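J.: Sharing a structure below in structure tokens format, with a few things to ask.
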Amino acid sequence: MVVKQLRQNKVGAWAFVLGVVIALIAGISTDLSQNNFLVGALVIIGIIVGLLNITGKEGPAFLLAGAVLIIATKFGGENYAALGVAGDYLKQVMQSITTLVVPATIITSLRALFSAARD
């Protein structure tokens, strides 16, 4: 049981690192809204992260950080225009990272809801 959990944590951790790297590259090199393959890959990696990497004790901190990131990206993105071209890239990078984090946040929040309902 412990070995299986350690393997899952390792896979989840590497999935998160891979997802962040893909999100950074995608944000810098392409418009994510024009690339369905990258969106799908980030969503699938986010699901893997949510299922394998976020444990019970990490859940609340991950949910808070994820919610702040999602909100800041949504409402702060309008201010990036003042930075010109750099702002465009920053906005794309943040949207890519959010595409990775949203599925993991949804899975983690559903786990927390089921856990609370069970108790």
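Each value in this text was obtained by applying a stated rule to the coordinates, not by laboratory testing. Everything numeric here is computed off the predicted structure, so don't read it as measured data. Positions of Cβ are backbone-derived with ideal geometry, glycine not excepted, and every protein chain shown enters the neighbour counts.
J.: So what is the calculated 222 nm ellipticity per residue for the chain, using -39500 (n - 2.57) for each DSSP H run with n of 4 or more, over all residues, to the nearest 500 deg cm²/dmol? Before the final figure, lay out the partial values.
T.: Details: 4 runs with 97 residues, N = 119.
My calculation for the chain gives -29000 deg cm²/dmol from helical runs alone.
J.: Shifting gears a bit: Test of understanding: ordering Tyr80, Tyr89 by Cβ neighbours within 10 Å, fewest first, what list do you get? Before the final figure, lay out the partial values.
T.: On the way: Tyr80 18, Tyr89 15.
Ordered from fewest to most neighbouring Cβ atoms within 10 Å, Tyr80, Tyr89 come out as Tyr89, Tyr80.
J.: May I ask you to compute the full-extension gain from Val39 to Ala65, defined as 0.36 nm times their residue separation minus their alpha-carbon distance, rounded to one decimal in nm?
T.: Values: separation 26, 0.36 × 26 = 9.36 nm, distance 2.11 nm.
7.2 nm is the gain from fully extending Val39 to Ala65.
J.: Sticking with the crude label model, points 7 Å out along Cα→Cβ, report the distance from Ser115 to Val11 in nm, one decimal please.
T.: The modelled label-to-label distance comes out at 2.0 nm.
J.: Follow-up question, since we're still on this one. Helix 85-118 sits at what angle to the longest principal axis of the chain, using alpha carbons and giving 0 to 90 degrees rounded to 10?
T.: So the helix axis and the longest Cα principal axis differ by about 20 degrees.
J.: Please compute the net charge surrounding Leu90, taking Lys and Arg as +1 and Asp and Glu as -1 over other residues with Cβ under 15 Å from its Cβ. Could you put the intermediate results ahead of the total?
T.: Details: positive: Lys74, Lys91; negative: Asp31, Glu78, Asp88.
Residues close to Leu90 contribute a combined charge of -1.
J.: Hey, another quick one. For region 72-79, take each phi angle, set θ = phi - 60°, evaluate the Karplus expression 6.51 cos²θ - 1.76 cosθ + 1.60, and give the result in whole Hz per residue in order, putting x for glycine and proline.
T.: With coefficients 6.51, -1.76 and 1.60, one gets 5, 5, 5, 8, x, x, 5, 7 Hz.
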